[in-house]
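Q: Here it is, the structure in full.
The values are calculated or read from the model by the stated rules, or taken from the named source; none is laboratory data. Everything quoted here is computed from the prediction, not taken from an experiment. No Cβ is skipped: glycine too gets one built from the backbone with ideal geometry, and neighbour counts run over all protein chains shown.
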Amino acid sequence: MASVANAQLGRELASIVGDEFVCDTAAPLTGYAIDGVRPATWVIPQNANEVAAIVRVANERRASIAVAGGFTKQSMGGVPAQIDILLRTDRLNRVLHYDPGDLTIGVESGCRIGDVVSRVGQDSLLLPLDVPRSQQASIGGVLASAAFGPLKHNFGGVRDYCIGISFVTGDGKIAKAGGRVVKNVAGYDVMKLMIGSQGTLGVIIAANFKLFAAPKQTRTFIAEFEDYSSAIKYRDTVRTSPLTPLCFELISPRANAYFDGITNERYSIVVRASGSDTVLARYRKELGGSVSHELAGVEETRFWKSVQDFGETVQKRHQNAMVFVLHLAPATLEQVMVSAEQCGLEQNLLYCCVGRASVASMVCAYVPLSVDPPAVTQFANAIGELRKKLPPEASAIVLKCPREAKAYFSVWGEPNGDLEAMRAVKQALDPNGFLNPGRFLF
Amino acid sequence: MGLLEATTQLRNLLGTDNVLSRAEDVMLYEYDAGVDKGLPGSVVFPATTEDVSGIVKIAVAEKVPIVPRGAGTGLSGGAIARDGGIVIVFTRMNKILEVDVANQRATVQPGVVNLDLTSAVEKHGLYFAPDPSSQKASTIGGNVAENSGGPHTLAHGVTVNHVTGLEVVLGDGRIAQFGGKVAEGTGYDMCGFFTGTEGTVGIITRITVKLTRKAESIATLLAIYNTVDDGANSVVDITREGITPTALEMFDGLTLRTVEEATHAGYPMDAGAVLLVELVGLREAIEEQAEAIARVCLANRAREVRRARSEAERALLWKGRKNAFAALGRLTPSYYTQDGVVPRTKIPETLRFIAGVSEKYGLRIANIFHAGDGNMHPAILFDMRDPSQLERTVAAGAEIIQHCVSVGGTITGEHGVGMEKDKLMPLLFSESDLEVMKLLREAFNRNSILNPQKIFPTTRSCRETGAAAISPELRKA
């Protein structure tokens, strides 16, 4: 009987972390269901040794593990068959080192992004992780999902400024890679494998990051256009200009509905600039007459918060919407945006998007028309058709959609590289396959 | 069986002209720009990815090691056939396959020389940002394998930040593709992982890289100090000021005088140290940053801050920097360069520590390094004809590296581990850390034929470290 097995597992976990940090009663666990699948137990370890012991118990008992931090991204991935252990990182919440003079910080994986960002902000430094729901999202979750926000334009993805990592492998080995300095080629760059691995290669314990100087002054310039074509033409003018924006966004007309305080029915190119009055004056001059709004202060902060949380806002407003990201080659952006609109319309889904116009990483949504509840196949058909129309090497990854729809298509789509080689990595780090089974490619 | 049989098969595969095996031919490939040597059994020149795959299959069947090699400018022995075997040289795979201006990408074969890519794309206002000092000779395949840096990687990132796609031949001869013009997508970040694996998990046969747009404005400053400490403190304060120059290089007085005698770049002969600072970006921003940097340097007792007034002056200052290690050949028959990194606030104390080591061992040490990211390059000057000097040099080098690690740094910032620093890895990594990395190596290199005896500490005692291999003019940083 499963409950007897669960009780035994619970006792073993309690012997590692103490009774108060294990839960195997249904009611509280229901709040931690992933795609409707309630974990059999949760456990909250406080250090790498405890994590390693938990992972070893899981291996012995053939129990699956899902790792959870702020629980903001668990809608990603396939529906889990079962979750035997939900490993919560809440107690891995220490700042390990913070060296403002060196512009580096090391934090445990359960630390909340918002807390780390505010901490370094007090010293006028920036950790450019402007991800959705940053007050709840954890360091580990952002690494595992390779989450990103509008600052990606200037600072790159988290892969570009994570300089060290420690983790426990799927069979309980405690390991680290990288280090605390900003330049380092000693040993394999296991950070790159862990980032975006969706919790399938290891349990992330802590990570070190490069920090940047926070901009002293910024302004946001919004230029509006009648169609994608003219918006993207303008993007190209800015892209090949001497300007070096902090953020550089494309916003589709319908996306404005999810923005706080903005009403605009057109296609927008948004440039956020930092610098002195003289530098900002140069932006005004270069960006020219196409700019219809200039934002500063509270209004500007609110605007970027809306950009950051766009996918979440859509989801909150329409429980049955599909949110996905597109990673594209920049020159294919217009073509793909047009295709995405069409593929949506054919399935009675309204398309909207907000994203990094120049690096072409877009956060997109298909929202069902309010008149009739959508059939799950509409989502499968829309994303399936869109994937067929994507240029080679582009990806469409579904972040959220109704659970029932996941039975009809892969939320991940085709891998962007040799699957067999990826499987070899999985085999090396999680040989028994107990980390997050069924939710990623393996 | 073995090398002899492999060589016969390689001749059949590639043609006789593309396989070298006579001792006098393969000897040219036994060293790199570092201190180690190893004689290959044969040297092969593939023309295609399929050739490389065929070579790997032959090597697997005959159980012969394979070592990929670019231009041989590496400093850590990555391209040296430590266990003999087959060295693969990419001079025939040296084509730029595509320049995609709209997407700012280029796809190249591994044998393309770093600087040649920039030369090919600069008419579009683009360049390839990673710029190791060896960039006139070193290949992009080698840069990717070593995850090379360079003086201008401070703001733009090292090689891994610029690779978006790779084609790789794995340890069983299978050809695998990762990424392309779009780096991100579904699956593990294999491009990121493969970059910097020093030829131990696969052989890179095609690379797609980002091209960077040239900035509108460039400012090159030279801050001159009476003491090394003042220069080092300026680096800490520039970082604190929130300015990220594209390059921030420091030379000490010994290097300075040597470089000036060699290049006549206009460096002061009597200074204790200089900082070479470069800023790129929007004209207005650069002017402000240049002023701020001058202010910081003067506040740290710079006796003068000069600014290059023309492209010619700028080029001369950089010529001095890029040829600095070669210039050291005027001072000494041999030198040994370390590549440790320290947190930037630890630069002043590390330089004092190096001065102490110099005194302790009775060896002159010249410092010329990437100060902006704390990447130290102390060059220990010695005479290889004196065995006691060699011994002291090695001991002094080890002490400096241990210091770098003890203050939170690392053993190599850009030169790689190779066979030079494999024994230092336990300073940074536990057995368990190394075991996990080895599992990843074995995932792609089950037959252990890809660049064996590299990166991971070996138990071998008879490492061939010929002082005679040290060639001052080949020393680059």
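Q: Can you pull out every residue in the range B:169-179 that is out of contact with any Ser or Thr (no Cβ under 7 Å at 6 or more places or on another chain) and among the aliphatic types (A, V, I, L, M)?
A: Once the filter is applied, which keeps residues that are out of contact with any Ser or Thr (no Cβ under 7 Å at 6 or more places or on another chain) and among the aliphatic types (A, V, I, L, M), the range B:169-179 yields B:Leu170, B:Ala176.
Q: Further question on the same structure: Check whether at least one residue in the range B:386-394 is touching an Asp or Glu at 6+ places or on another chain (Cβ under 8 Å) and either acidic (Asp, Glu) or at the interface with chain A (Cβ under 8 Å from one of its Cβ atoms) (or both), and report yes or no.
A: No.
Q: Report, by residue number, each residue of the range B:265-288 that is touching a residue at least 24 places away in the same chain (Cβ under 8 Å) and over 16 Å from B:Ile218 (Cβ atoms).
A: B:Ala265, B:Gly266, B:Tyr267, B:Pro268, B:Ala271, B:Gly272, B:Ala273, B:Val274, B:Leu275, listed by residue number.
Q: Can you tell me which residues in the range A:82-99 are of a type outside the set (Ser, Thr, Tyr), surrounded by 16 or more Cβ atoms within 10 Å (Cβ to Cβ) and under 22 Å from the mean Cα position of the chain (by Cα)?
A: A:Ile83, A:Leu86, A:Leu87, A:Arg88, A:Asp90, A:Leu92, A:Asn93
Q: Considering the range A:219-245 alone, what residues qualify as being surrounded by fewer than 19 Cβ atoms within 10 Å (Cβ to Cβ) and assigned to a loop (DSSP other than H, G, I, E, B)?
A: Scanning the range A:219-245 gives A:Glu226, A:Asp227, A:Thr240, A:Ser241, A:Pro242.
Q: If you don't mind, there's one more thing I want to ask. Could you grab me the full set of residues in the range A:394-437 that are under 18 Å from A:Val55 (Cβ atoms) and not acidic (Asp, Glu)?
A: A:Val425, A:Lys426, A:Gln427, A:Ala428, A:Leu429, A:Pro431, A:Asn432, A:Gly433, A:Phe434, A:Leu435, A:Asn436, A:Pro437
Q: Could you check how many residues of the range B:171-193 are within 7 Å of chain A (Cβ to nearest Cβ), part of a loop (DSSP other than H, G, I, E, B) and in contact (Cβ under 8 Å) with a residue 24 or more places away in the chain?
A: 2
Q: Moving to a separate point now. I need the full set of residues from the range A:100-123 which are buried (at least 17 other Cβ atoms within 10 Å of the Cβ), farther than 30 Å from A:Leu9 by Cβ and acidic (Asp, Glu), in order please.
A: Selection gives A:Asp102 alone.
Q: Does B:Ala262 meet the test of being within 14 Å of another protein chain (Cβ to nearest Cβ) and in a helix (DSSP H, G or I)?
A: For B:Ala262, the condition - within 14 Å of another protein chain (Cβ to nearest Cβ) and in a helix (DSSP H, G or I) - is not met.
Q: Continuing with this model, one more query. Condition first: of a type in the set (Lys, Arg), under 15 Å from B:Leu221 (Cα atoms) and assigned to a helix (DSSP H, G or I). Can you find one or more residues in the range B:319-339 that meet it?
A: The answer is yes, given that some residue of the range B:319-339 is of a type in the set (Lys, Arg), under 15 Å from B:Leu221 (Cα atoms) and assigned to a helix (DSSP H, G or I).
Q: Please pick out the residue among B:Leu363, B:Leu450 that is under 22 Å from B:Ala326 (Cβ atoms), more than 10 Å from chain A (Cβ to nearest Cβ) and modelled with pLDDT of 95 or more.
A: B:Leu363
Q: While we're on this one: Collect the residues in the range A:288-311 that are buried (at least 20 other Cβ atoms within 10 Å of the Cβ), in contact with a helix residue (DSSP H, G or I) (Cβ under 7 Å, 6 or more places away or on another chain) and either without any contact (Cβ under 8 Å) to a residue 24 or more places away in the chain or part of a helix (DSSP H, G or I) (or both), keeping them in residue-number order.
A: Residue satisfying the conditions is A:Phe310 alone.
Q: Among the residues of the range B:86-108, count how many are touching a helix residue (DSSP H, G or I) at 6+ places or on another chain (Cβ under 7 Å) and in a loop (DSSP other than H, G, I, E, B).
A: 4
Q: Are any residues in the range B:248-268 of a type outside the set (Ser, Thr, Tyr) and buried (at least 24 other Cβ atoms within 10 Å of the Cβ), and if so, which ones?
A: B:Leu248, B:Glu249, B:Met250, B:Phe251, B:Asp252, B:Leu256, B:Val259
Q: I've got another one for you. Kindly indicate which of B:Asp32, B:Asp131, B:Asp116 is modelled with pLDDT of 95 or more, among the acidic types (Asp, Glu) and either surrounded by 23 or more Cβ atoms within 10 Å (Cβ to Cβ) or in the same structural domain as B:Asn147 (by TED's automatic domain parsing) (or both).
A: That would be B:Asp116, the only listed residue that is modelled with pLDDT of 95 or more, among the acidic types (Asp, Glu) and either surrounded by 23 or more Cβ atoms within 10 Å (Cβ to Cβ) or in the same structural domain as B:Asn147 (by TED's automatic domain parsing) (or both).
Q: Name the pairs: first residue in the range A:62-74 and within 19 Å of A:Asp430 (Cβ to Cβ) and outside the structural domain of A:Gly140 (by TED's automatic domain parsing), second residue in a loop (DSSP other than H, G, I, E, B) and of a type in the set (Lys, Arg), Cβ to Cβ under 8 Å, at least 6 apart or on different chains?
A: A:Ala66/A:Arg439
Q: Do you know which residues across the range A:168-193 are more than 25 Å from B:Glu146 (Cβ to Cβ) and either out of contact with any Phe, Trp or Tyr (no Cβ under 9 Å at 6 or more places or on another chain) or facing chain B (nearest Cβ under 7 Å) (or both)?
A: A:Val168, A:Thr169, A:Gly172, A:Lys173, A:Ile174
Q: OK, next. Among (1) crowded, with 23+ Cβ neighbours inside 10 Å; (2) more than 30 Å from B:Arg69 (Cα to Cα); (3) touching a Lys or Arg at 6+ places or on another chain (Cβ under 9 Å); (4) of a type in the set (Asp, Glu), where does B:Asp189 come up short?
A: (2)
Q: Got a sec? Which of B:Gly157, B:Gly196 is surrounded by fewer than 24 Cβ atoms within 10 Å (Cβ to Cβ), under 23 Å from the mean Cα position of the chain (by Cα), within 9 Å of chain A (Cβ to nearest Cβ) and at positive phi?
A: The unique qualifying residue is B:Gly157.
Q: Across the range B:398-418, what is the total count of residues that are surrounded by fewer than 24 Cβ atoms within 10 Å (Cβ to Cβ) and at negative phi?
A: 9
Q: Next up: May I ask you to list the residues in the range A:235-284 that are without any contact (Cβ under 8 Å) to a residue 24 or more places away in the chain and either more than 10 Å from chain B (Cβ to nearest Cβ) or closer than 15 Å to A:Phe310 by Cα (or both)?
A: A:Thr237, A:Asn256, A:Thr263, A:Glu265 - these are the residues of the range A:235-284 that are without any contact (Cβ under 8 Å) to a residue 24 or more places away in the chain and either more than 10 Å from chain B (Cβ to nearest Cβ) or closer than 15 Å to A:Phe310 by Cα (or both).
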